[in-house]
Amino acid sequence: MSSPASPSSPSAPAERHAAVAAGFSARVDGVRDWEAPAPVDGWVARDVVAHLVEWMPAFLAAGGIDLPTDGPAVADPAGAWHAHTAAMQALLDGPDADQEFTHPRAGTHQLGAAIDQFYTTDVFLHTWDLARASGQDDTLDEETCAVLLAGMEPWDEILRASGQYGPRVPVPDDASTQDRLIAFIGRDPAWEP
């Protein structure tokens with residue numbers, strides 16, 4: 001998944017979400033065992049989906065945005081994901097995506113940019129988790145991996161202090177960009193269930 005629009009394009013967050021969500025959706029549709037262990041300590045495949053469909057509506061609500069959450073419960077992970085991602089895409093494709101969004105902890109951003117930075121990136125990273133948990137292709141877009149790694153590395157200490165990332169996992173000097181990104185966020189690129 002390469003970036004489909006320039007970062008300054010107003011449609012970039014919507015287009016990027018559509019591409020990233022499609023990759024995650026393909027993995028969701030390929031899961032055969034929702035109780036399979038996932039690379040996040042203590043999680044199973046279902047928890048990867050639950051995380052994504054539960055935290056974003058709460059994040060948006062803290063900034064005064066109501067995301068419809070009338071899809072199935074996470075007991076039906078695929079149904080919950082597809083309903084959630086459709087609602088997210090509708091929000092990004094709509095006029096509200098250009099409005100100012102203020103979150104009590106994340107500051108003020110254009111809504112589409114906030115979703116892009118905080119949420120679409122999370123979906124991209126968790127695509128690897130779900131793919132590994134379910135034995136599917138875990139290949140992520142190389143260019144996106146490089147952009148994320150370059151953007152995150154200067155914030156290493158702050159990201160670790162947030163509690164959202166585990167300790168960086170050591171990888172060989174010749175590790176791929178994807179493996180270096182996965183290791184940076186605290187996953188072992190060689191992890192298997």
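Applying the condition of being surrounded by 21 or more Cβ atoms within 10 Å (Cβ to Cβ) and touching a helix residue (DSSP H, G or I) at 6+ places or on another chain (Cβ under 6 Å) to segment 100-114 and asking which residue is nearest to Ala146 (Cα to Cα) yields Gly112.
State whether one or more residues within segment 83-98 are polar (S, T, N, Q), within 16 Å of Pro13 (Cα to Cα) and assigned to a helix (DSSP H, G or I). Yes, because at least one residue in segment 83-98 is polar (S, T, N, Q), within 16 Å of Pro13 (Cα to Cα) and assigned to a helix (DSSP H, G or I).
Is it fair to say Ala22 is among the hydrophobic types (A, V, I, L, M, F, W, C), open to solvent by 20 Å² or more (accessible area, probe 1.4 Å), modelled with pLDDT of 95 or more and not in a loop (DSSP other than H, G, I, E, B)? Judged against the criteria, Ala22 is a match. For segment 61-82, the set of residues classified as touching a residue at least 40 places away in the same chain (Cβ under 8 Å), assigned to a helix (DSSP H, G or I) and more than 28 Å from Glu192 (Cα to Cα) consists of Ala62 only. For segment 40-84, the set of residues classified as under 27 Å from Trp191 (Cα atoms) and β-branched (Val, Ile, Thr) consists of Val40, Val44, Val48, Val49, Val53, Val74, listed by residue number. Residues in segment 146-161 that are small (Gly, Ala, Ser), open to solvent by 60 Å² or more (accessible area, probe 1.4 Å) and under 18 Å from the mean Cα position of the chain (by Cα): Ala150 only. Is it fair to say Val169 is part of a loop (DSSP other than H, G, I, E, B) and open to solvent by 20 Å² or more (accessible area, probe 1.4 Å)? For Val169, the condition - part of a loop (DSSP other than H, G, I, E, B) and open to solvent by 20 Å² or more (accessible area, probe 1.4 Å) - is met. The criterion of being under 15 Å from the mean Cα position of the chain (by Cα), open to solvent by 70 Å² or more (accessible area, probe 1.4 Å) and of a type in the set (D, E, K, R) does not hold for Glu35.
Being under 29 Å from Glu100 (Cα atoms) and in contact (Cβ under 8 Å) with a residue 24 or more places away in the chain is the filter here, so list the residues in segment 115-142 that pass it. Ile115, Asp116, Phe118, Tyr119, Thr120, Thr121, Asp122, Val123, Phe124, Leu125, His126, Thr127, listed by residue number.
The values are calculated or read from the model by the stated rules, or taken from the named source; none is laboratory data. Just so you know, these numbers come straight off a predicted model, no measurement behind them. Every residue, glycine among them, receives a Cβ derived from its backbone with ideal geometry; neighbour counts consider all protein chains shown. Just the protein is used for accessible areas: all its heavy atoms, side chains included, with ligands, DNA and RNA removed. Shrake-Rupley method; radii C 1.70, N 1.55, O 1.52, S 1.80 Å.
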